[in-house]
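Asks: Below is one structure. I have some questions about it.
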Amino acid sequence: MQTRAVRLALLSLLLLSGLGAGLFTWDTVQQFDSLLARERDLDSRLDRLANNVLAFGAAQQASVVPGQAQSEALRRGSAVIRATDEDLAAVRPRARSAPAATSFSGFADTLESAVKTDTRVREHLRIGQELMAADLVFSDGHPSIEALAAIVTDLQRAEQSAVDEERGALKTRGAAVVSAVTLLWVIGLFALAAARGPGRSGEPHHGSPADEQATG
């Protein structure tokens, strides 16, 4: 009777561990899917932020090129600045890397400087000082654009590194759980096999009436 109870307990333990491993695997897959979705969303937003930075620089330079549609370039520059502010606000809460806060702070400060330069460029253009405007674009505006682009590139690398670390942690934890459950099943199956054999031979033997008479 005790052997049967031990076998039932071992079987229950194995079934519960298998169920737990299944639930854990399902949860891990969900986390992988969520991580992949976040990675794609952030990559898309950072790419758009980088493109807007370059578009802002292009519009600013186009506004001081002789023969270009100056008013159109200025309108395009204003639209890109608004889009950049919106992208920055959307990306900030989604970033997970350690350097993200510093990167966003540096980006905001550099963007503010670039906008101030753009305001001065527009003022020079308004009063007909095209050479002064062009000088500002290439002496102050262009370095700011390069700095903004570099910040976005560094942020992309930092975020990718953070995602890789998180993905690696999930894989390590999953492998550890699967290994532990596999080992438990191997030990449990051997224990069940061992309990099954002694259980029969260890039970008290009741001889038949004929045997009892023969021995009597």
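Asks: With all protein chains present, how much of the accessible area of region 55-133 (probe radius 1.4 Å) comes from carbon and sulfur, to the nearest whole percent?
Replies: Result for region 55-133: 54 percent of the exposed heavy-atom area is carbon or sulfur.
Asks: So, one more: How much length would be gained if the chain were fully extended between residue 119 and residue 154, taking 0.36 nm per residue of separation minus their Cα-Cα distance, in nm to one decimal?
Replies: Computed gain between residue 119 and residue 154 is 9.9 nm.
Asks: Given the Cα-Cα distance of residue 32 and residue 16 and 0.36 nm per residue of separation, how much length would full extension add, in nm?
Replies: 3.3 nm
Asks: Pick from 80, 65, 152: which is most flexible by mean-square fluctuation in a GNM of the chain where alpha carbon atoms under 10 Å apart are linked?
Replies: Per the Cα network of the chain with a 10 Å cutoff, 65 tops the list.
Asks: Quick check: from the Cα gyration tensor, does region 7-91 come out rounded (a/c under 1.5), prolate or oblate?
Replies: Prolate.
Asks: Averaging over all projection directions, find the projected area of the Cα convex hull of region 131-185 and quote it in nm² with one decimal place.
Replies: Spelled out: convex hull of the Cα atoms, projected over all directions, averaged, 3.4 nm².
Asks: Sticking with this one: Give me the distance in nm between label points sitting 7 Å out from Cα along the Cα-to-Cβ direction at residue 40 and residue 171, one decimal.
Replies: 2.0
Asks: Between residue 47 and residue 71, what length in nm is gained on full extension when 0.36 nm per residue of separation is reduced by their alpha carbon distance?
Replies: Once the chain is fully extended between residue 47 and residue 71, it gains 5.9 nm.
Asks: Using a 1.4 angstrom probe, figure out how much accessible area region 4-63 has per residue, in square angstrom, rounded to the nearest whole.
Replies: Result: 56 Å² of accessible area for each residue.
Asks: Shifting gears a bit: Taking the Cα centre of each part, how many Å lie between region 124-194 and region 1-63?
Replies: 15
Asks: Using helices alone, what [θ] at 222 nm do you get for the chain, with -39,500 (n - 2.57) per DSSP H run of 4 or more residues, divided over all residues and rounded to the nearest 500?
Replies: Helix contribution divided over all residues of the chain: -31000 deg cm²/dmol.
Asks: OK, next. Can you give the angle from 0 to 90° between the axis of helix 2-62 and the longest principal axis of the chain, with both taken from C-alpha atoms, to the nearest 10?
Replies: Rounded to the nearest ten degrees, it is 10.
Asks: If the only charges are +1 at each Lys and Arg Cβ and -1 at each Asp and Glu Cβ, what is the size of the charge dipole of the chain around the Cα centre, to the nearest 20 debye?
Replies: Here the size comes out at about 540 debye.
Asks: Would you calculate the separation in nanometres between label points at residue 185 and residue 94, each defined as 7 Å from the Cα along the Cα-to-beta-carbon direction?
Replies: The two pseudo-label positions are separated by 3.9 nm.
Asks: Now for a separate question. Tell me the label-point distance for the pair residue 142, residue 79, using the 7 Å Cα-to-Cβ offset, in nm and rounded to one decimal.
Replies: Calculated label separation equals 2.6 nm.
Asks: Could I get the Rg over Rh figure for region 34-151? Both from C-alpha atoms, Rh via Kirkwood, rounded to two places.
Replies: 1.04
Asks: What whole-number volume per residue, in cubic angstrom, does the convex hull of the C-alpha atoms of the chain give?
Replies: 123
Asks: All other residues with a Cβ under 11 Å from the Cβ of residue 162 taken together, and with Lys, Arg as +1 and Asp, Glu as -1, what is their net charge?
Replies: Here the charged neighbours net out to -1.
The values are calculated or read from the model by the stated rules, or taken from the named source; none is laboratory data. Since this is a predicted model, take the numbers as computed values, not measurements. Don't worry about glycine lacking a Cβ; one is built from the backbone with ideal geometry, like all the others, and counts go over all protein chains shown. In case anyone asks, the SASA skips ligands and DNA or RNA and just uses the protein heavy atoms, side chains included. Shrake-Rupley method; radii C 1.70, N 1.55, O 1.52, S 1.80 Å.
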